[in-house]
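Participant: Just dropping this structure here.
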Amino acid sequence: MKGCLSNKARGRIGHKAIKGGELSLLFKVDLENLIYSFIMGELDANISYKESVELRNGRKTSFWYEAWSSLGRLQEVMGGRGHIDMGILVNENIEACRNHRRRSHRVNILNRVELEIERYKENWVDEEDISLWRNSKGKCMKTFSTSETWQNIREKHTLCSWYSAVWFKHATPKYAFITWMVMLGRLSTGDRMKNWNANVDASCVLCNNPLETAEHLFFQCSYSKQIWEVLMSVGKSVHGGIE
Ligand SMILES: [Zn+2]
């Protein structure tokens, strides 16, 4: 097993891993940055898994929020006043700095930023910037993977003992989902619905027992009992008896 448990192994709904590059080719969108923005919007903005950027034309790289310079992320280094002191808008990309006129400042850090801008201008080439993504092993990669990013940002949990009984190969998704709800005690059975609305009919939909619970529905209900008996007899005839 890999270092991290899958969502299903934790008793949750699973997800499918996709590679950003593959979908970018299909949809002609910059999926990497799209997903990156989504993740950043969902989480604390100080947590970042886009480690740094190899700067080329600066077109896709945020001036303030990405670690393109030797100073790191300038928003973190310079705080909220940085964009006012430098005269560069908060949401500006680095490419906008090609017309930036170098100035001399009294504060040393501002002069260092001016120097970084000059360095960018000198090294400018008409190629796309290359994002470097930190993977789960701590290495920087040039390709983006939602799977790797997910492994990086999520909390680690223990193995759920019943997950393989719910999520298994060739399972029917609808039935797996219902079983999953049962295991979590989240099925809308009569007893639970009564908590939400005292006037609701809480009787069993199959046998009219006064109170429908998950336990009753699957194991105690006279109707379910008949189904279990049929299934058991089919199992016996196919497999020659179940121990
Ligand atoms: Zn019943």
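Yes or no, residue by residue, for (1) charged (D, E, K, R); (2) at pLDDT 60 or above:
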| site | (1), (2) |
| --- | --- |
| G14 | no, yes |
| G21 | no, no |
| L26 | no, no |
| G41 | no, no |
| T61 | no, yes |
| E76 | yes, yes |
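Participant: Consider N152 carefully, then state whether it is surrounded by 13 or more Cβ atoms within 10 Å (Cβ to Cβ), of a type outside the set (F, W, Y) and either closer than 17 Å to S6 by Cα or away from the ligand (no atom under 16 Å from the Cβ) (or both).
Facilitator: In short, yes.
Participant: Please give the number of the condition K137 fails out of (1) under 22 Å from L5 (Cβ atoms); (2) outside the structural domain of G58 (by TED's automatic domain parsing); (3) out of contact with any helix residue (DSSP H, G or I) (no Cβ under 6 Å at 6 or more places or on another chain).
Facilitator: (2)
Participant: In the range 182-198, what count of residues is obtained for those that are part of a helix (DSSP H, G or I) and farther than 13 Å from H216 by Cβ?
Facilitator: Residues meeting the conditions: 5.
Participant: Then there is this: Within the range 204-224, count every residue that is more than 40 Å from the chain's Cα centre (by Cα) and more than 8 Å from the ligand (Cβ to nearest atom).
Facilitator: 1
Participant: Check whether at least one residue in the range 141-154 is over 19 Å from the mean Cα position of the chain (by Cα), among the polar types (S, T, N, Q) and in a loop (DSSP other than H, G, I, E, B), and report yes or no.
Facilitator: no
Participant: In the set T158, T172, which member is closer than 30 Å to K50 by Cβ and away from the ligand (no atom under 16 Å from the Cβ)?
Facilitator: So the residue among T158, T172 that is closer than 30 Å to K50 by Cβ and away from the ligand (no atom under 16 Å from the Cβ) is T158.
Participant: In this structure, is S131 in a strand (DSSP E or B) and either at pLDDT below 90 or surrounded by fewer than 15 Cβ atoms within 10 Å (Cβ to Cβ) (or both)?
Facilitator: Judged against the criteria, S131 is a match.
Participant: Criterion first (loosely packed, with under 12 Cβ neighbours inside 10 Å, charged (D, E, K, R) and assigned to a helix (DSSP H, G or I)) does E229 satisfy it?
Facilitator: Yes.
Participant: Checking the structure you have, find out if any residue of the range 169-177 is at negative phi, surrounded by 13 or more Cβ atoms within 10 Å (Cβ to Cβ) and in contact with a Gly (Cβ under 6 Å, 6 or more places away or on another chain).
Facilitator: No, every residue in the range 169-177 fails to be at negative phi, surrounded by 13 or more Cβ atoms within 10 Å (Cβ to Cβ) and in contact with a Gly (Cβ under 6 Å, 6 or more places away or on another chain).
The values are calculated or read from the model by the stated rules, or taken from the named source; none is laboratory data. Since the model is a prediction, treat every value here as computed from it, not as a measurement. As a convention, Cβ positions derive from the backbone with ideal geometry for all residues, glycine included, and neighbour counts pool all protein chains shown.
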